[in-house]
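Trainee: Once you've had a glance at the structure underneath, I'll fire off some questions.
The values are calculated or read from the model by the stated rules, or taken from the named source; none is laboratory data. Owing to the predicted nature of the structure, the values given are computational and were not obtained by experimental measurement. For accessibility, only protein heavy atoms count, side chains too; no ligands or nucleic acids. Shrake-Rupley method; radii C 1.70, N 1.55, O 1.52, S 1.80 Å.
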Amino acid sequence: MPAGSSPKRERQYEHIKESELERGASTDRAEEIAARTVNKERARTGESKSASRSSTEDMSSGERGGKRSGRGSGGPTYDQLYNEARQRDIHGRSDMNKEQLRQALDEKKS
């Protein structure tokens, strides 16, 4: 958990982590899911210093409930792909559509 997180977010993190472990996720994966979920909620409520557009404008983590886990028929959203491209420093990403972002990310992974 990030430094300065509220007790509520600490409890939320532990609850999500335990739930994921019960579902059979590895410890690392459970911690990642819990951290991402709590960080998104912190961004949505203005508790974090910075927030991505997909954190603040998208549906809440609870509402989403795995609808866009990246494993569905549509795969990751445009915003998810764009954020990953930004993290991987892919140039020209702002001019790319969803499929082009997916291809650029696949090429960067290779």
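Trainee: Mind counting the residues in the range 58-110 that are at pLDDT 85 or above, open to solvent by 90 Å² or more (accessible area, probe 1.4 Å) and under 13 Å from the mean Cα position of the chain (by Cα)?
Mentor: Qualifying residue count, the range 58-110: 1.
Trainee: Among the residues of the range 4-45, write down those that are basic (Lys, Arg) and open to solvent by less than 70 Å² (accessible area, probe 1.4 Å). Even if it seems obvious, please write down each step before you answer.
Mentor: As a first pass, look at the range 4-45 and keep what is basic (Lys, Arg): 8-9, 11, 17, 23, 29, 36, 40, 42, 44.
Answer for the range 4-45, where residues must be basic (Lys, Arg) and open to solvent by less than 70 Å² (accessible area, probe 1.4 Å): Arg9, Lys17, Lys40, Arg42.
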